[in-house]
């Protein structure tokens, strides 16, 4: 009986997921990062206290930044500043995100090693 109650509760949480999050997950799978971020940003603005929306928006920014860093067709002068902005947005939403912190440190280190100013 206890297992049934737990399964029913889990099922209700799955159904209760914010529709914007569900839709954004599909967009992210299709590599439509800008569309997912726009959708989640609008939903997050309407409901800024939603932990689910905040996490989903941070994850979308992280996926966008990671895709930029992995894109070998992007030259470094386009890749690094754009990815850096996205990683910073992740930290605005999730101050504990270690991957974003690490990648910010890495990008800033690249600029420092070249003696160039770090993009804002």
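Rule-based calculations on the coordinates, nothing more; no lab input. Small disclaimer: the values here were computed from a predicted structure and weren't measured. Using ideal geometry, Cβ is built from the backbone for each residue, glycine included, and neighbour counts are taken over all protein chains shown.
Of 53, 39, the sequence from fewest to most neighbouring Cβ atoms within 10 angstrom is 39, 53.
Mean residue ellipticity at 222 nm from the helices of the chain, using -39,500 (n - 2.57) per DSSP H segment of n ≥ 4 over the full residue count, to the nearest 500 deg cm²/dmol? Walk me through the intermediate numbers first.
Numbers: 6 runs with 93 residues, N = 120.
So the helix-based figure for the chain works out to -25500 deg cm²/dmol.
Relative to the longest principal axis of the Cα atoms of the chain, the long axis of helix 98-113 lies at roughly 10 degrees.
Relative to the current alpha-carbon distance between residue 105 and residue 70, full extension at 0.36 nm per residue lengthens the span by 10.9 nm. The relative contact order of the chain comes to 17 percent, based on Cα pairs under 8 Å that sit 6 or more residues apart.
Of the labelled options [x] 14.3, 43; [y] 19.4, 69; [z] 17.4, 65, which one gives Rg and Dmax of the Cα atoms in Å as computed for this structure? Checking each listed value against the structure points to [z].
Length gained on full extension, residue 17 to residue 92: 24.7 nm, using 0.36 nm per residue less the C-alpha separation. Placing a label point 7 Å from the Cα of residue 32 along the Cα-to-Cβ line, the residues of region 40-76 whose backbone N sits under 14 Å from it are 40. When Rg and the Kirkwood radius Rh are both evaluated on Cα atoms of region 61-120, their ratio Rg/Rh stands at 0.95. Highest mean first, the peptides 27-36, 104-113, 79-88 sorted by other C-beta atoms within 10 Å per residue fall in the order 79-88, 27-36, 104-113.
How tilted is helix 33-46 with respect to the longest principal axis of the chain? Cα atoms for both, answer in degrees (0 to 90, nearest 10). Taking Cα atoms only, the helix is inclined about 60 degrees. The angle between the Cα long axis of helix 19-29 and the main principal axis of the chain comes to about 50°, on a 0 to 90 degree scale.
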